[in-house]
1. Inside 10 Å of the C-beta atoms of A:150-157, what's the mean count of C-beta atoms belonging to other chains?
2. Over all directions, the average projected area of the alpha-carbon convex hull for chain B comes to how many nm²?
3. Within 10 Å of each residue's Cβ, count the other Cβ atoms and sort B:D552, B:D420, B:D173 from fewest upward.
4. Please list 3J(HN,Hα) in residue order for segment A:67-73, calculated via the Karplus relation 6.51 cos²θ - 1.76 cosθ + 1.60 where θ = phi - 60°; whole Hz, with x for glycine and proline.
5. Output ³J(HN,Hα) for segment A:139-151: one whole-Hz value per residue in order, computed from phi by the Karplus curve 6.51 cos²θ - 1.76 cosθ + 1.60 with θ = phi - 60°, and x for Gly and Pro.
6. Would you mind pulling out the separation of the Cα centroids of segment B:438-469 and segment B:267-339, in Å?
7. Across peptide A:195-202, what mean number of C-beta atoms from other chains lies inside 10 Å of a residue's C-beta?
8. A:T116 versus A:L78, label points 7 Å from Cα toward the beta carbon: distance in nm?
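Values in this text are rule-based calculations from the coordinates and carry no lab data. Since the model is a prediction, treat every value here as computed from it, not as a measurement. Reconstructed Cβ throughout: ideal geometry from the backbone, glycine too, with neighbour counts over all protein chains shown.
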Amino acid sequence: MIRTMTRFRIKPGPGAALLIGGLILGAGPAGLQASEASGRARAAVSIEAGMFWAEQAAFRRLYGNGTPAVSAQIRVRLFDGLWAAAGWRTFKAGGTTSIAGPAFNEEEYALELEMTSIRLGLRYAFDLGRIAVFAGAGGSADRYEERWVDVPGLGGSGKKAGWYAEAGGEYAVFRFLALSLRAEYSSIPTGKGSSLEPDVDLGGLEAAAGLVFRF
Amino acid sequence: MAWKNNRPRGGAAAVAAVAVLLVFSSAAPPEDTVLFRIERADLDRLPADAAAGLFVVQELQTCLLAAGPAALPGELTAAGVPAVVLDGKAEGKSYVLVRTPRPEEGDVLGGLGTAVPLEERVWLFSPASGDPREILPPAFRLKRLDLDRSVVWSRGAPAGETAAGAVEAVVPDPRIFEWVARVSKSKLTETIQSLQNFQTRYASTAACENAGTFLYNRFVQLGLACEYETFTFSWAQRQSRNIIATLPGKAVPNRVVIVCAHYDSISDEPETLAPGADDNASGTAAVLEIARVLAAAPLDYTVKFICFSAEEWGLYGSSFYAQRAKSRGERIVGVINMDMISYTDSDDPLLEVYVNPASRWLADQYLEAAETYAPLAASKITDSSATWSDHSPFWDQGFAALCAIEESAGRNPYYHETTDTLDKLNMNYCTSVTRASLASAADLARPHVVRPAPPTGLQARSEIISSLFAAVKSVSLAWDAGPASVAGYNVYRTTTSGGGHVKINSRLLSEPRFSETMLDPATTYFYEVTAVDGQGLESDGSDEVRDDQNNDTLPN
């Protein structure tokens, strides 16, 4: 997964979104020549596990540099290489509070953050035989909850809309089974914050690998 | 924290722009000043530091009046805090707040100048010409607005909220019972009659000045140090005098309790006949009577007995005093203002005690003292729009103040009339209110006993502990250990510097240090500590410290 990230060299921020957007646009004309292998599949189900790197430093300071995430997706081919996708993604992170400003006693409290997203999007796949590359984007409905483990009632929760953009590749092991590698950039502005970060965005980069079942 | 949770999305740039504008506008309103209004309900959307930079010229129950550069209202609105411009060119203009007896009477104002309704019965008014007091009906109550000075206002608890347990229970003191019993109905009656005999006490008349001299002489006869405080008032730059008598404190003379009332009067024939028996010879008589009883009383804190003038013109006398008190750093513990305390049409009269949110503790203390010593039924009303008497300028300067006034349900029909005379008053009611005010003042000023010395060397530091969506403040205090006679310490906290401290430790502290957490990170807290000896006698508070006062000086 780390090598995949290195190859893509996607940096957090708007630049990442532009790069992935470019991939989506660039894949369009090429996808007109999609191969029969993926052209035969009308639907696909994928399950993936990966690592999420939050874009905001405050998130990383509280919950560490990487958070495991799992996701699943159902895709239906609309025409040629264009697929409609519906997905689910979740992660749960543990961390500790941080001091905003001068620190004296350095009190710490354990934290938990849970985040679950339902996603709808489009993906364009360009088939190169056993290998297919794809790019896509979509919107997400996200639910998050942060808890101070030892202080009932303290934390924050909410439901917000966000977006994501993704790119990756699939390697067909069998006609009905493929391995996937995927990178995505997401943005989930919450409109809330704290002394540490007044405007929390729960988005960032994610690299994931998984299995794809094609039908 | 709340502002962050309700903050409009994508408003960061707007908030930053507001913050920059506020930094440049907070010291004083610039040229090209606009006067605008912000609803209090919208203030949660402003960061605490940006809100603190607002140049607020008047706090009301539902809104703030603020002054600032022309661009500021637009920037505030863009940041999700709608600002309604009331006057786009306010510099150089004179404004008063006008409270009308009935809402529909505000229509009169439109024909006499610029009038903007702010709340029910409350108007912002700038006269086309002349002094507002001289062109408006006497029943209209006025408060002059000073656009060059910002007032202290409360961002915290909304007005109208009830504060429970803000002060400790009054411990009955036999000396206060004794003093209360010495309040004399006949002396109150005699003083009201004497003040009524001046025919009018309309500020600007010679009779009013004579009444001031009469009060001065009465204070001097009581053996109190007394002084005149001369000030200028009205559009025509007239002069009048506050009368200030001082009873020095035995233990902490730099802490001051103020007992006050205005002695000027008004009617529809103000130059010749304004007896003002209820408004406000009654309050003035109560101040004199409390001074008479307490003149020889040993109290820890200084008590100032003040008779203000030009209240009816727009609270000029009390504004002058309160501004100067703030400038010279006077440590005012609380202000007890009495205004109309003797008229009632009820057999079971109630006293109303008006406070702003920051002064609720003072009303609680007053009500408890009234119940314990008077006894008198009283109700607390938290209303930042109660700007119509001499307590209001003290609120503006951040001092705790209350106004004791007769029940509004039985509003005096002779109010501001030539018929407001002694024969209309209920002197039993007046005596009860005077007793309640005396008890409250004496309890606030603390009957003197030999107490331990207050702790020294108090230092405070604080840190903000934060997650993504929540933060709390943690505060650590340390001070010098007291002598062996000290059995322990108490810690007091307030959010209003200089008053309203509430004890926060449930058991006496044996060590000279204390820490607490889970505090609101957006609030600034102030602390004092006291020492308690083996007999349970508690010292005065130490010097007050802000929660982050020593963040830069203490090592990690």
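1. On the way: counts 0, 5, 0, 1, 6, 4, 7, 1.
Average neighbour count from other chains, rounded to a whole number: 3.
2. On the way: hull surface 101.6 nm².
Mean orientational projected area (chain B, Cα hull): 25.4 nm².
3. On the way: B:D552 8, B:D420 27, B:D173 17.
So the residues, fewest neighbours to most, are B:D552, B:D173, B:D420.
4. Whole-Hz 3J(HN,Hα) from phi for segment A:67-73: 10, x, 9, 10, 8, 9, 8.
5. Whole-Hz 3J(HN,Hα) from phi for segment A:139-151: x, 9, 10, 10, 10, 10, 8, 10, 10, 8, 4, 9, 10.
6. 27 Å
7. Working: counts 12, 8, 5, 6, 7, 4, 0, 1.
Going residue by residue through A:195-202 and averaging, the value is 5.
8. If labels sit at A:T116 and A:L78, their model points lie 2.8 nm apart.
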